[in-house]
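Asks: After the structure tokens below, expect a handful of questions from me.
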Amino acid sequence: MKLAVIGPGAMGLLFGARLAQQGHEVYMVGTNPATLEKLEREGIDITWQGVRSRVPVHARLAGEMEGPVELAMLFTKTTASRAALEACGAYVGPETWMLSLQNGLGNLELLSEYVPRQRLLLGVTGFGSDLEAPGRIVSAGAGYVKLMAVEPEGQAMAERVNAALNGAGLTSQLTGDVMTAIWEKVALNAAFNAICGVCQVPCGGLRAEDGRQLARILAREACAVANAAGVPVSADAVLDRIDQVIFQQDAAHYPSMAHDLAQKRPSEVEAISGAIWRKARELGMEAPYNEAMYRLIKTIEANY
């Protein structure tokens, strides 16, 4: 496939590199000319499961893309999604499919403003990727992708993308309703992104009992909101996953929000803690712990 990966950050580079290694024609699309020039010249420097390699890719500003692509994968932070979609006209044509594997809530609603729902794929990923420098990432290579076609007309393409991801080692599965998986990750992000961002600690920093208990409270509250919204999410499964991350898998990993707050950048708090709180209010509920984390992070951002 000829595909555009929108957003050459940690996750975009991971997916772009792995798909390019399988022979797909990958274009990394971004806004930083220096980064794009480096990617075009040197490719992506990826360490995957301890093995380091350099993967050739194309890299372009949105307006410099040569014609439409078959698949566009949106990996920008949610804070940059609208700007990226506004600029995608040069390469997202009437036959282009769009896939979002982004964090948070509200991605489908935004995508639907720019691309017909019949050509949308929606998913979530649990792969981790650390951006060590522009164009250079490290990934343990453990994770998952769950995706679905938003409308039945997209099933054949969803199957094709699913096969491509699996061929690239990005363990993927099709699901009939991805919202459960999305809410599960939102609950995890409500815990890890928020606490690690405010406290400036890695995931393993939540091993201390107070941190672990706060993570569990935030995740359980998010799951309650999901269930009230009609999305079946198991709080027990999410809490088990929290312990796996803290004690086994990603103890040294700093979530993206921790990096954003440390570097005085806008975070995705609106699509995570803020979205949980707003959905709770819409349902006539309270989500006081997620509201508190949302207001803490907004206060930090207001004082950059």
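The values are calculated or read from the model by the stated rules, or taken from the named source; none is laboratory data. All values derive from a computational prediction rather than experimental measurement. No Cβ is skipped: glycine too gets one built from the backbone with ideal geometry, and neighbour counts run over all protein chains shown. All accessible areas refer to the heavy atoms of the entire protein, side chains included, with ligands and DNA or RNA removed. Shrake-Rupley method; radii C 1.70, N 1.55, O 1.52, S 1.80 Å.
Asks: Give the shape of the chain as rounded, prolate or oblate, defined through the alpha-carbon gyration tensor: a ≥ b ≥ c are the square roots of its eigenvalues, a/c under 1.5 means rounded, and otherwise the shape is prolate if a/b is larger than b/c and oblate if not.
Replies: Since a/c reaches 1.5 and a/b is larger than b/c, the shape of the chain is classed as prolate.
Asks: Follow-up question, since we're still on this one. Taking only protein heavy atoms into account and a 1.4 Å probe, give the accessible area per residue of the chain in Å².
Replies: 43 Å²
Asks: For the peptides 43-54, 222-233, what is the packing order when you average, over each peptide's residues, the other Cβ atoms within 10 Å and list the highest mean first?
Replies: 222-233, 43-54
Asks: Let me ask you something else. In percent, what relative contact order does segment 1-114 have, based on Cα pairs under 8 Å that are 6 or more apart in sequence?
Replies: Relative contact order of segment 1-114: 27 percent.
Asks: Cα to Cα, under 13 Å, and not fewer than 8 places away if on the same chain: which aspartates and glutamates meet these conditions relative to K298?
Replies: Of all the aspartates and glutamates, those that pass the test against K298 - Cα under 13 Å, at least 8 places apart if same chain - are D260, E268, E270.
Asks: Near the amide H of R265, under 5 Å away, which other amide H atoms are found, from residues 5 or more places off or on another chain, if H is placed in the peptide plane?
Replies: HN-HN under 5 Å from R265: empty list.
Asks: Follow-up. For the chain, what's the relative contact order in percent, using C-alpha pairs closer than 8 Å and at least 6 residues apart?
Replies: It comes to 14 percent, rounded to a whole number.
Asks: Where does each of D250, D210, D260 land when they are ordered by accessible area, with a 1.4 Å probe and the largest first?
Replies: D210, D250, D260
Asks: In terms of modelled amide H atoms, which long-range or inter-chain residues lie less than 5 Å from the amide H of I44?
Replies: Residues meeting the amide H criterion: V55, V57.
Asks: Kindly work out what percent of the DSSP beta bridges joining two residues of the chain are antiparallel, to the nearest 5.
Replies: Taking every DSSP beta bridge within the chain, about 30 percent pair in antiparallel fashion.
Asks: Got a sec to turn the phi values of segment 105-115 into Karplus ³J(HN,Hα) couplings, 6.51 cos²θ - 1.76 cosθ + 1.60 with θ = phi - 60°, whole Hz, x for Gly and Pro?
Replies: 10, x, 5, 4, 4, 5, 4, 5, 6, 10, 10
Asks: Given labels modelled 7 Å from the Cα in the Cβ direction, how far is it in nm from Q200 to E42?
Replies: Here the answer is 2.8 nm between the modelled labels.
Asks: Hey, another quick one. Give me, ordered by chain and number, the residues 5 or more places off A72 or on other chains with an amide H under 5 Å from its own placed amide H.
Replies: Placed amide hydrogens put A4, W97, M98, L99 under 5 Å from A72.
Asks: Something else about it: Per 0.36 nm of contour for each residue apart, how much would the distance between Q263 and R207 grow if the chain were fully extended, relative to their Cα-Cα spacing?
Replies: That pair, Q263 and R207, stretches by 17.7 nm at full extension.
Asks: Among M285, M98, M257, which one shows the highest mean-square fluctuation when the chain is modelled as a Gaussian network with alpha-carbon springs under 10 Å?
Replies: M285
Asks: Relative contact order for segment 122-238 using alpha-carbon pairs under 8 Å, separation at least 6, rounded to a whole percent?
Replies: The value is 21 percent.
Asks: Something else now. Compute, for T175, the solvent-accessible surface of its heavy atoms (probe 1.4 Å) with the complete set of protein chains present, and express it in square angstrom to the nearest 10.
Replies: Accessible area of T175: about 40 Å².
Asks: Still on this structure, please answer the following. Cross-link partners among lysines for K38, C-alpha distance below 28 Å, same-chain residues fewer than 8 apart left out?
Replies: Once the sequence-local lysines are set aside, what remains near K38 is K2, K77, K264.
Asks: Still on this model: Per the helix-only calculation at 222 nm, which mean residue ellipticity applies to the chain, given -39500 (n - 2.57) for every DSSP H run of n ≥ 4 and division by its residues, nearest 500 deg cm²/dmol?
Replies: Estimated from H runs of four or more residues: -13000 deg cm²/dmol.
Asks: Just how much of H259 is accessible, in Å², when a 1.4 Å probe is used and the result is rounded to the nearest 10?
Replies: 70 Å²
Asks: Just tell me, in residue order, which DSSP H segments of the chain are both 15 angstrom or longer along the helix axis (alpha-carbon based) and at least 1.0 in mean Kyte-Doolittle hydropathy.
Replies: The qualifying helices are 10-21, 179-199.
Asks: Can you tell me which aspartates and glutamates have their Cα less than 14 Å from the Cα of K146? Leave out same-chain residues fewer than eight positions away.
Replies: E159, D177, E184
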